[in-house]
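J.: Dropping the structure in here first, questions after.
The values are calculated or read from the model by the stated rules, or taken from the named source; none is laboratory data. What you see is a predicted model; the values in this text were computed from it and never measured. Note: ideal-geometry Cβ built from the backbone for every residue, glycine included; neighbour counts use all protein chains shown.
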């Protein structure tokens, strides 16, 4: 089988996961280029692998003509980089969030469809083994009627984290804890609870990070169109260390809880149809990832390769990225206006909330 030409744009905090995902799928991918504005950073990341290094992604795409481009730049540049790659006939693997604007996310999806390429989203926690177990129970109808679900992301980010890159915590290039740290959990909650949201009511605040523009706390209530409810709690205000990322789903015939540092541990499992031993299941699905990004990037890449070669839809496509983004932006709008927000959103941009906490 001829390998797909692959290139990576962005060599920051999450890039080692992309490197490892490439290595795990190197039987199907040929690395033809890596790009970062900081040449030395890119060289250091791939010091053990032969690859052309660029500081201009357009030049890299023009010269190397990759078939697959992974976009792991700052959030505010995802649209620009991904769109350029798509218009040049590349399939793209995009880090979260897909963009910072509903219109841009829609445009990316529409353009990819016209160009005959796919967008694969890095909402990699969908591939966590405990999450896959929960999803299987959901698809088999074991929960019965869905009642409500919760996501709690209780992490720690300090000044040192935000000072590592000037775009972090800004409205134009990042957003706050909900857009950056919590969007994976929000994606999981929406995915598990039926995807279709009726309305959202929320509060956000900046309580402990006066050196960033956006929120460090977000609280939201979600009403889904199937009659179920959702609760979001996201914070980077935990003292000294990350506490947990925990997803719970409650139905009329069952309930499940997946927690740990990043939804990687099965913590509760109870269903009416059969009495499974939680401890036994834990030995099959519990994971110990090296960092909060988990182990899912390898599966994301594997699925992307399969979708490209077989002409099928990826497991986590660009519309999934749009739905996760839309949920966060609806939370931001509700918090800013003090009113419930109906979905879908025709338009909303992260930069609309610039200055939100300037008077605190």
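J.: Within region 135-145, is even one residue assigned to a helix (DSSP H, G or I), farther than 22 Å from residue 200 by Cβ and touching a residue at least 40 places away in the same chain (Cβ under 8 Å)?
T.: Scanning region 135-145, I find at least one residue that is assigned to a helix (DSSP H, G or I), farther than 22 Å from residue 200 by Cβ and touching a residue at least 40 places away in the same chain (Cβ under 8 Å), so the answer is yes.
J.: Check 82, 28, 42 and return the single one that is within 22 Å of the chain's Cα centre (by Cα) and in the same structural domain as residue 302 (by TED's automatic domain parsing).
T.: On inspection, the qualifying residue turns out to be 82.
J.: If you don't mind, there's one more thing I want to ask. Considering region 342-360 alone, what residues qualify as being surrounded by 16 or more Cβ atoms within 10 Å (Cβ to Cβ) and in contact with a helix residue (DSSP H, G or I) (Cβ under 7 Å, 6 or more places away or on another chain)?
T.: Of everything in region 342-360, those that are surrounded by 16 or more Cβ atoms within 10 Å (Cβ to Cβ) and in contact with a helix residue (DSSP H, G or I) (Cβ under 7 Å, 6 or more places away or on another chain) turn out to be 343, 345, 348, 350, 353, 356.
J.: Considering only region 179-196, I want to know if a residue exists there that is surrounded by fewer than 16 Cβ atoms within 10 Å (Cβ to Cβ) and either under 20 Å from the mean Cα position of the chain (by Cα) or in a strand (DSSP E or B) (or both).
T.: Yes - at least one qualifying residue is present in region 179-196.
J.: Look through 339, 282 and report the one residue that is touching a strand residue (DSSP E or B) at 6+ places or on another chain (Cβ under 8 Å), surrounded by fewer than 17 Cβ atoms within 10 Å (Cβ to Cβ) and part of a loop (DSSP other than H, G, I, E, B).
T.: Criteria check complete, one pass: 339.
J.: Could you run through region 261-294 and say how many residues are within 19 Å of the chain's Cα centre (by Cα) and at pLDDT 95 or above?
T.: 3
J.: Taking the criterion of being in contact with a helix residue (DSSP H, G or I) (Cβ under 9 Å, 6 or more places away or on another chain), within 16 Å of residue 100 (Cβ to Cβ) and either in contact (Cβ under 8 Å) with a residue 12 or more places away in the chain or not in a strand (DSSP E or B) (or both), would at least one residue in region 197-209 satisfy it?
T.: Yes, the conditions are met somewhere in region 197-209.
J.: Also, quick follow-up: For residue 224, state whether it is at pLDDT 95 or above and surrounded by fewer than 20 Cβ atoms within 10 Å (Cβ to Cβ).
T.: It is false that residue 224 is at pLDDT 95 or above and surrounded by fewer than 20 Cβ atoms within 10 Å (Cβ to Cβ).
J.: Ok, one more. Does region 223-258 hold any residues that are under 18 Å from residue 184 (Cβ atoms) and assigned to a loop (DSSP other than H, G, I, E, B), and which are they?
T.: Of everything in region 223-258, those that are under 18 Å from residue 184 (Cβ atoms) and assigned to a loop (DSSP other than H, G, I, E, B) turn out to be 236, 238, 242, 243.
J.: Please go through region 153-170 and give me each residue that is touching a strand residue (DSSP E or B) at 6+ places or on another chain (Cβ under 9 Å) and buried (at least 20 other Cβ atoms within 10 Å of the Cβ), ordered by number.
T.: Scanning region 153-170 gives 153, 155, 157.
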